[in-house]
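Colleague: Sharing a structure, written as structure tokens. Questions coming.
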Amino acid sequence: MKEKKLLLIDVGNTNTKIGLAVGNEIVSTYVLPTSLRETSDTFGFKIFALTRHVKVQINEIDLWMVSSVVPPLNGIIKEAGNKYSMCDVIFVPEDLPLPLENRYANPYEVGSDRLVTAYAARELFSTSGLIVIDFGTATTLECVQDNIYLGGLICPGILSSLQALGQKTAKLPKISLDVDDGKMLIGNSTVTSMTHGFIFGFASMVDGLCTQLKEFLSGEITVVATGGFAEKVKNVCKSIDEIRPDLLLRGLLFASKNI
């Protein structure tokens, strides 16, 4: 039986992450900047180039699965999928509700990225309690108890905080946010002061919030993190148990099994 080829698309405020899945495996991923100047043709040609890079014909893709927090791009992506892959484009959870009980006061307020990452963690980990952290444009912490999405917290993001600080302070240098040995230092240079302030500061925030959030959950609890800065923070953070870089794309792949 021929394995299905799926295009998995995570449209974020800063970047759009794209994955190609064959069967149950994500075989390649790419990160592109999110642009509101996108058209269905520019997006379609980008997908054409990415699929060509992995030696797949764009019209061989069976389905596009999309999570988007940028509504102006939704119609453009749908049109690109219909035109260039001639296949269905499914937005999660708008077109395909997830099998999680959503306890948000207004369920439609929850960003699709938050729900899809929570669902992916639920599929991957068997512990009754979950805290799912996404180090994206914002830092989000989601709480899952058994098969119930309880809600979570939205905090400042590392990169957006760094950019905001840079806009207000002209003399600050560009930094990599790499901490060599996992030990905090009293910075004796601006680079060290910023690097350790940001990494250890966000790690302490996560540790403190996880300690308090665990009081709302019962049973064994797994803390799983994703997003561009997850690895950097985990090196100095006591709370994070697991890192899953492709958590949202994995959630879209899991959701496709419900069609």
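Colleague: Out of T190, T226, T211, I need the residue that is free of Cβ contacts under 8 Å to residues at least 24 places away in the same chain and either closer than 19 Å to F125 by Cα or not aromatic (F, W, Y) (or both). Which one?
Modeller: Values: T226 fails: free of Cβ contacts under 8 Å to residues at least 24 places away in the same chain; T211 fails: free of Cβ contacts under 8 Å to residues at least 24 places away in the same chain.
T190 is the lone residue from the list that is free of Cβ contacts under 8 Å to residues at least 24 places away in the same chain and either closer than 19 Å to F125 by Cα or not aromatic (F, W, Y) (or both).
Colleague: While we're looking at this one, here's another question. If K83 satisfies every condition in (1) surrounded by fewer than 19 Cβ atoms within 10 Å (Cβ to Cβ); (2) touching a residue at least 40 places away in the same chain (Cβ under 8 Å); (3) in a loop (DSSP other than H, G, I, E, B) but one, which is the exception?
Modeller: Of everything listed in (1) surrounded by fewer than 19 Cβ atoms within 10 Å (Cβ to Cβ); (2) touching a residue at least 40 places away in the same chain (Cβ under 8 Å); (3) in a loop (DSSP other than H, G, I, E, B), K83 misses just condition (3).
Colleague: Return the residues of segment 11-27 that are among the small types (G, A, S) and over 16 Å from the mean Cα position of the chain (by Cα); say none if nothing qualifies. Spell out how you get there, then give the answer.
Modeller: Here is the first cut: in segment 11-27, the residues among the small types (G, A, S) are 12, 19, 21, 23.
Across segment 11-27, the qualifying residues are A21, G23.
Colleague: With respect to D113, is the statement that it is under 21 Å from A21 (Cα atoms), in contact with a strand residue (DSSP E or B) (Cβ under 7 Å, 6 or more places away or on another chain) and touching a residue at least 60 places away in the same chain (Cβ under 8 Å) true?
Modeller: Values: under 21 Å from A21 (Cα atoms): yes; in contact with a strand residue (DSSP E or B) (Cβ under 7 Å, 6 or more places away or on another chain): yes; touching a residue at least 60 places away in the same chain (Cβ under 8 Å): yes.
Against the criterion (under 21 Å from A21 (Cα atoms), in contact with a strand residue (DSSP E or B) (Cβ under 7 Å, 6 or more places away or on another chain) and touching a residue at least 60 places away in the same chain (Cβ under 8 Å)), D113 qualifies.
Colleague: Next question, about the same structure. Based on what the data block shows, is V89 among the β-branched types (V, I, T), without any contact (Cβ under 8 Å) to a residue 60 or more places away in the chain and surrounded by fewer than 19 Cβ atoms within 10 Å (Cβ to Cβ)?
Modeller: Details: among the β-branched types (V, I, T): yes; without any contact (Cβ under 8 Å) to a residue 60 or more places away in the chain: yes; surrounded by fewer than 19 Cβ atoms within 10 Å (Cβ to Cβ): no.
Spelling it out, it is not the case that V89 is among the β-branched types (V, I, T), without any contact (Cβ under 8 Å) to a residue 60 or more places away in the chain and surrounded by fewer than 19 Cβ atoms within 10 Å (Cβ to Cβ).
Colleague: Just give me the residues in segment 9-55 being touching a Pro at 6+ places or on another chain (Cβ under 8 Å) and assigned to a strand (DSSP E or B), in sequence order.
Modeller: Hits for segment 9-55 are N15, T16.
Colleague: Taking segment 142-157, which residues are in contact (Cβ under 8 Å) with a residue 40 or more places away in the chain and surrounded by 23 or more Cβ atoms within 10 Å (Cβ to Cβ)?
Modeller: V144, Y149
Colleague: Y108 versus (1) exposed (fewer than 15 other Cβ atoms within 10 Å of the Cβ); (2) more than 15 Å from L209 (Cα to Cα); (3) in contact with a helix residue (DSSP H, G or I) (Cβ under 9 Å, 6 or more places away or on another chain); (4) not polar (S, T, N, Q): which is the lone unmet condition?
Modeller: (3)
Colleague: Filter segment 240-254 down to residues that are surrounded by 22 or more Cβ atoms within 10 Å (Cβ to Cβ) and of a type outside the set (A, V, I, L, M), then give me how many there are.
Modeller: Number satisfying all stated conditions: 2.
FYI, it's all coordinate maths here, none of it is from the lab. Since we're looking at a predicted model, the values are computed, not measured. A quick note on method: Cβ atoms are made from the backbone with ideal geometry, for glycine too, and the neighbour counts reach across all protein chains shown.
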